[in-house]
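The values are calculated or read from the model by the stated rules, or taken from the named source; none is laboratory data. Note that this is a predicted model, so its numbers are computed, not measured. Note that each Cβ is placed from the backbone with ideal geometry, even for glycine, and that neighbours are counted across all protein chains shown. Side chains are part of the model used for accessible areas, which takes the heavy atoms of the whole protein and leaves out ligands, DNA and RNA. Shrake-Rupley method; radii C 1.70, N 1.55, O 1.52, S 1.80 Å.
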Amino acid sequence: HSYLARATYDYDGKYLASVVFRADGSSRFNKGKQYGYFPSVSVGWNINKEDFMQDSKTLTALKLRASYGFTGDQEIGDYQNKPLWQPAIYNGQSGLKPKLITDPNLTWQKNKGINAGIDFEFWNGILSGSADYYVNTRTDLLNYVPIAGTTGFATLLTNGGEVEDKGFEFNITSRNINTNDFKWS
């Protein structure tokens with residue numbers, strides 16, 4: 001099961017906001033660990049809609065925006081955390097043995113994202129672009145880690161570790177020629 005709630009706000013096309021709350025359920029995790037809760041919020045300001053920008057012929061669009069939120073990852077494959085049994089023979093006798101060792105505390109990987117950016121447009125779209133700064137952090141990574149061979153298994157699927165990506169992204173587009181017969185960007 002998944003549940004989603006969203007609220008948005010737009011004041012005169014100038015001030016924008018959105019709040020989202022998501023609850024996702026997965027049968028890949030044990031009871032009590034099946035749900036992950038992922039809120040997010042974003043805001044934007046269309047500066048070009050302000051009175052002081054109305055007469056600009058050069059800068060025709062300018063927007064500041066920021067977002068902060070969480071998502072989750074449950075991609076471990078089906079039955080990777082379920083105590084399954086398989087046939088085995090011990091000293092000529094038939095029996096069952098565990099197919100894999102499981103972590104009863106295994107839960108959702110959490111992904112946190114922060115982004116701040118600016119969108120701009122000059123001369124009604126002849127030159128446009130954006131610049132962003134982002135930080136994406138993944139925690140409680142879903143990993144197979146080595147375990148003692150005396151368990152009868154080589155690895156255990158568990159949560160552990162953290163990875164962070166951060167940086168800048170830039171995008172610039174120019175529409176050099178835009179006629180009915182020929183377009184060049």
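Computed over segment 107-149, the percent of Cα pairs more than 15 Å apart is 66. Taking N as the residue count of the chain, its C-alpha radius of gyration divided by 2.2 N^0.38 Å amounts to 1.60.
Here the relative contact order of the chain, from alpha carbon pairs under 8 Å that lie six or more residues apart, stands at 16 percent. For the pair Thr139 and Val19, a Förster radius of 35 Å applied to the C-beta separation gives a FRET efficiency near 0.95, rounded to the nearest 0.05.
Among the lysines of the chain, pairs at least eight places apart or on separate chains and with Cα atoms under 25 Å apart come to 22.
Charge dipole (Cα centre; +1 on Lys/Arg Cβ, -1 on Asp/Glu Cβ; no other charges) of the chain amounts to roughly 700 debye.
Leaving out ligands, DNA and RNA, what percent of the accessible area of the chain is carbon and sulfur, probe 1.4 Å? After summing per-atom areas, the C and S share lands at 55 percent.
Per-residue surface analysis assigns Tyr9 an accessible area of about 130 Å², computed on protein heavy atoms at 1.4 Å probe radius. Comparing Ser27, Ser42, Ser56 in a Gaussian network model of the chain where C-alpha atoms under 10 Å apart are linked, the largest mean-square fluctuation is found at Ser56.
Extension gain for the segment Lys97 to Ile114, taken as residue separation times 0.36 nm less the Cα-Cα distance, is 1.5 nm to one decimal. Residues in segment 154-166 carry Karplus couplings, in order, of 9, 9, 9, 7, 8, 8, x, x, 8, 10, 10, 10, 8 Hz; the curve used is 6.51 cos²θ - 1.76 cosθ + 1.60 with θ = phi - 60°, and Gly or Pro positions show x. Note on Lys166 and Lys31: their simple-model spin labels are 4.2 nm apart, each label 7 Å out from Cα toward Cβ. Here the 3J(HN,Hα) profile of segment 70-87, calculated from phi with Karplus coefficients 6.51, -1.76 and 1.60 at θ = phi - 60°, is 10, 9, x, 10, 10, 7, 10, x, 6, 6, 7, 10, 10, x, 8, 10, 9, x Hz, Gly and Pro shown as x.
Accessible surface for Phe21 stands near 90 Å², nearest 10, in the context of the full protein assembly shown (1.4 Å probe).
Each Lys or Arg adds one and each Asp or Glu takes one away; over the other residues whose Cβ falls under 13 Å from the Cβ of Lys112, this sums to -2.
Across segment 26-39, rounded Karplus estimates of 3J(HN,Hα) from the backbone phi angles (6.51 cos²θ - 1.76 cosθ + 1.60, θ = phi - 60°) give 9, 6, 6, 10, 6, 3, x, 10, 6, 9, x, 10, 9, x Hz, Gly and Pro being marked x.
Computed over protein heavy atoms with a 1.4 Å probe, the accessible surface of segment 48-113 works out to 67 Å² per residue.
Computed from the C-beta positions of Asp181 and Ala131, the FRET efficiency with R₀ = 25 Å rounds to 0.15.
The length gained on full extension between Thr150 and Leu64, counted as 0.36 nm times the residue separation minus their Cα-Cα distance, comes to 25.2 nm. Computed from the Cβ-Cβ distance with R0 of 35 Å, the FRET efficiency linking Lys82 to Thr8 stands at 0.30. In this structure Tyr11 has an accessible area near 120 Å², from a 1.4 Å probe over the protein heavy atoms.
Among rounded, prolate and oblate, which fits segment 102-175 when a ≥ b ≥ c are the square roots of the eigenvalues of its C-alpha gyration tensor, a/c under 1.5 means rounded, and a/b larger than b/c means prolate? It comes out prolate by the Cα gyration axes.
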